[in-house]
1. Just the projected area, averaged over all directions, of the convex hull on the alpha carbon atoms of segment A:48-178: how many nm²?
2. Carbon and sulfur: what percent of chain A's accessible surface (1.4 Å probe)?
3. Separation between the A:N195 and B:C495 pseudo-spin-labels, each 7 Å from Cα along Cα→Cβ, expressed in nm?
4. Can you list the residues of segment B:920-950 whose accessible area drops by at least 20 Å² going from the chain on its own to the full set of protein chains, with a 1.4 Å probe?
5. Count the net charge of all other residues whose Cβ sits under 12 Å from the Cβ of A:L163, scoring Lys and Arg as +1 and Asp and Glu as -1.
6. Using a 7 Å offset from the Cα along the Cα-to-Cβ direction at both B:A871 and B:R556, what is the distance between the two label points in nm, to one decimal?
7. Can you give me the solvent accessible area of B:D618 with a 1.4 Å probe, rounded to the nearest 10 Å²?
8. Pull out a ≥ b ≥ c, the square roots of the eigenvalues of the alpha-carbon gyration tensor of chain A, then state rounded if a/c is under 1.5, prolate if not and a/b is larger than b/c, and oblate in the remaining case.
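The values are calculated or read from the model by the stated rules, or taken from the named source; none is laboratory data. A quick note: this is a predicted structure, and the numbers were derived from the prediction, not measured. Cβ coordinates were reconstructed from backbone atoms using ideal geometry, including for glycine residues, and neighbour counts include every protein chain displayed. For accessibility, only protein heavy atoms count, side chains too; no ligands or nucleic acids. Shrake-Rupley method; radii C 1.70, N 1.55, O 1.52, S 1.80 Å.
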Amino acid sequence: MDGGLTYQRFPKVKIREMRDDVVKFELRETDASVANALRRVMIAEVPTVAIDLVEIEVNSSVLNDEFIAHRLGLIPLTSERAMSMRFSRDCDACDGDGQCEFCSVEFQLRARCHNDQTLDVTSKDLYSSDHTVVPVDFSDPNEPAEQRGIIIVKLRRGQELKLRAIARKGIGKDHAKWSPAATVTFMYEPMIRINEDLMETLSLEQKNTWVESSPTKVFDIDPVTQQVVVVDPEAYTYDDEVIKKAESMGKPGLVEIEAREDSFIFTVESTGAIKASQLVLNAIEILKQKLDAVRLSEDTVEADDQFGELGAHMRGG
Amino acid sequence: MGLKQDSSEEHAKQNQDCFECWFPFYTFDNLSDPMEKWLSFGKQLPYDSGIDKQFLAAPIKSSVDKYQLVPEFLKVRGLVKQHLDSFNYFVNVGIQKIVSANDRIVSSVDPSIYIRFNSVKIGEPSIPRDGVSEKITPQLCRLSDMTVHSRKSYPKIRLEKKNVIIGRMPIMLRSCCCVLYGKDEAQLAELGDVDTGTTKKRIIIDSDKKGNINASVTSSTEERKSKTVILMEKGQMYLHLNQFVNKIPIMIVMKAMGMESDQEVVQMVGRDPRYSDLLLPSIRECAKHGVYTKQQALEHLEAKVKKSTYSGASSEKVFFLFFVRVRRDSFRAKCIYVAVMLRRMIDAYLNKDTMDDKDYVGNKRLELSGQLISLLFEDLFKSMIEEVKKRMDMNMARLSRSSRFDPLQYVHGDSISAGLERTLSTGNFNIKRFRMDRKGMTQVLARLSFIGTLGHMTRISPQFEKSRKVSGPRALQPSQWGMLCPCDTPEGEACGLVKNLALMTHVTTDEEEGPLISLCYCLGVEDLELLSGEELHTPNSFLVIFNGLILGKHQRPQRFATAMRKLRRAGKIGEFVSVFVNEKQGRVYVVPDGSGDKNCSILKTGSINKRCVYIASDGGRVCRPLVIADKGISRIKEHHMKELLDGVRTFDDFLRDGLMEYLDVNEENNALIALYEGKSTPATTHIEIEPFTILGICAGLIPFPHHNQSPRNTYQCAMGKQAMGNIAYNQLFRMDTLLYLLVYPQRPLLTTKTIELVGYDKLGAGQNATVAVMSYSGYDIEDAIVMNKSSLDRGFGRCIVLKRCSAIRQKYENNTEDRIIRPNREGDGAGRMQILDDDGIAAPGEIIRPGDIYINKETPIITRGPTVSPAGLPDRAYRPSIQTFKGPEGESCVVDKVALFNDKNNNLCIKFSIRHTRRPEVGDKFSSRHGQKGVCGTIVQQEDFPFSERGICPDLIMNPHGFPR
């Protein structure tokens, strides 16, 4: 603000792959704190809708009531609406009993096995009161005939399950069932430099054993030139196996591997509750809201002295 | 564990970088062929000479894969067959023997009146209810709280025409009297009983021994039991017997038995001058007492006999060593027996090496439930006979009898039933007749986990008290190889004393002796009666000892033993009869052929014949099956195994065809057993079936136990029994006082062969976890574990606890009864009665909180005095006796199931099973399968957990400092 040294950077994002359930992107020109903040928010703070309350009317299945309730809770529900829904704890339309249309969705399940064949009760048997919040459909679009719901319980002849369930908005921090992320991970981009001169001193057999020493397929030997080449630097898991191998072969410094500390490769997989791309966007949105909360809180200005430049930075300096 | 340890060390080094230290517990990549691992186990064995790396690396294809025999063996035998065998033997043979040995009750007033028991029979398990006897199943008993006690049947005794019930007998589950006997799995499931493994309420095992420090012999028959001890004191030898007031000089005993000549005694013991030197003081002592003739000796003994209350027993009737039969008043056999005892004693005195090893497994006998129950039954049966006899005499002595005399009215089973029930429920065996007073003989079968149950049923506990600070009996005995598990023993005071049977061990039951004895004589055993003392001890002749009884001698022991074994392999004699040729009892240095230039006296020691052939057919010996090899070549060939796989051949066929046999610990000494066929030499006589069978059930669950530090295996054996998971197939129908079940039990990714054999993969306990080995948060010091909250949210380690509450609708003596009434839906107290149905009993599926009433019961105020009609009683004659649920505050449980039934006294009994689902919390204990236990130190959010480049996030973090080095 006052023209001092600024730490502000302008991170760049490059999307490598984008499907409904998986997104892979590169995040560059920022540091680990930002990357990690993004990861943490994706896991724990992006809201979704999940079954939170189950009223069991009839349950003559082999699994007990809590067991079924727990299984129901873990079923991912489509939650595009979750960002605009209210948390039932601060919903003023229903005085906090959490059963109004703004903060909850009702489900019904009725299943009874009438014949000798075992009946699978799946997430497909859950009937939602709101067509935007339904159990995630995992069936293959190419083979629509095949029903692939998530199995809740199996019933034998005469067994019955009847229940009413209420789904509510929540975040992964409270319970893992509200976490929209199946996998969120990032890695530093590895920089692999092979010392070509030293490598040339190895015989082909030695090269082969060295290449084989990596648990993942990072290096390979060019069939034409018989030179060791890096085929997939990102397959490297920072396991140091090749470095140890080089040392044991008496060739320390055969390869240098460094982590680029300002670029990250992100892999985000969603549970299906929201699209993976939406998950990233929601996470950024929530991160912004959190920063706003810090910036707008009353004592931020007072804390200016304390935080100094950092405070200014947070306020957009 | 091996795999984990290896990598943990690596990881420990690079631990600073937390993010890379995750490590999965079980990985598929590390699943190599367990056979290979076992091979390296063979390296530790004594037979192995140089290690041929090429051979070790090569797969063992050459020899026949005998693994299939193990499941086959367990199929025919089950894991705990020894208990059943023992009990079945008692029911089918033992009880009959006891009854026929004491089959007459003769009135002493008029000997022409007597009761004779023709036969005894055990009926079907049933229960008298309203005058009708109803058949019962174990499940019914379990529910009705009657457990063993009601699982009885009627031993029936026939008097001329009548069937008389003499008592009710508790029945072991799955034994031949039990309804489950001979049922296949489907039927078992219907009866609501556990399938894998066998159920039984109580187990009784104990060990017993024969020692020789002061030459003692314990003996028992159907008639009586005794212990004879010959001891040496200040150079003189005495006989100690309970019938005598104090110990008797041995020479007097010999004289009393008709060996008046000292020379004869010395000859009988052995001509070696050192023997006579040691005998001299005893001879002198005898002379000092002025005893020279048989008559004098008998008079001397007469004076020493304890005056019993019954009758003046003459010394002729003093029974010692009474299992040696006295034929035509000839005490010769007894004399020889005493002489042999003396000889062994002197040997032990001269040479400590010949002392019997007390801890040697071959000298021990296991007492199984059948034997113990038969002792108990015998005692009670005899007491009953005495009682009946007394009553009969009393009645007969009366001059005028008003009613017709029926002695049978005195024969009823109350004393037997009550005695059996009392002893089994308290576990105190106090049998005066056999001078037996032992406590804690019965234990309630541990039912908290499947493995715990199985482990409990293979446990062996010692007779003597555990407080002794001796190391001898606690040490691992080489002779327990293959018979008792080397790993499975508790820590602390019972360490090494309480043992467990190995996987393939069988415990024998008694076998008919008569035919075996005559067989021995047929095979060339020279009768003892015909031998002089001198002949007895000629070199190159072997004493033949049958179940501790000297039969005679044999000139060609090996030939004799081979003949016996051939008969056994052909199935002509029992498969568990053991033949053991002891060639070096005493010090056999050189056979005196004159060529030896050793010290003369040693030569003499060597020349002295103390060599014996032992034949054993008694019960309680441990034995195991082995493959027979001829000159190192296994008799089991590829085509045999193929037949087995095709189902044409069973395990019994292998025994019958002489391909395999059972060896007990003693006979193992005559065998050279190769671990693998490939390791056999021409001298090899037997080949192990599978090396892993040296371990017991609990130790068999450990993956790669040979890579573990040895105490870790022991820890794991104790801890495997605590694992939560499944208990039995009927777990959801059981009404145990406490039951722990896992919500999501899993099959281990890495299994062992034992796991498949015992059915742990079907009734498993535990879950597969992804584990990171790293320091994290400081809440993981001292073996603590950091857990991932999201994993717990998703059901990791979630468990169901089932507790039992019960209530009885009691009947009172004045014909009144408790009543269970409809709850009051309004007014005060209605809130606490919410979960009650209209019948006043809590409904299944209701959420129950501490303070809630689960049964709305009322008790009549007046329960004594004159009989009243319960129907006419007004409401005010009752006072409320509601029962409220007590549990930790704030915990909400659910009524899982409610069972109504009639108990022993025909009162209505209501049992409630209360369920609570719990998720792991700080302080809960977790363990790997390698004795690595730890408590949960803290629970951490998933976003704070380490993750890998692939996105794997562990379920829990273990501290690398906690791993054994």
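1. Working: hull surface 34.2 nm².
The number I arrive at for segment A:48-178 is 8.5 nm².
2. Details: 8430 of 17190 Å².
Result for chain A: 49 percent of the exposed heavy-atom area is carbon or sulfur.
3. It works out to 5.3 nm between the two label points.
4. Going by heavy-atom accessible area, the residues of segment B:920-950 that drop by at least 20 Å² are B:Q941, B:Q942, B:E943, B:D944, B:F947, B:E949, B:R950.
5. Summing Lys and Arg as +1 and Asp and Glu as -1 gives -2.
6. 9.1 nm
7. 30 Å²
8. Working: a/c = 3.28, a/b = 1.41, b/c = 2.33.
Oblate, because a/c is 1.5 or more while a/b does not exceed b/c.
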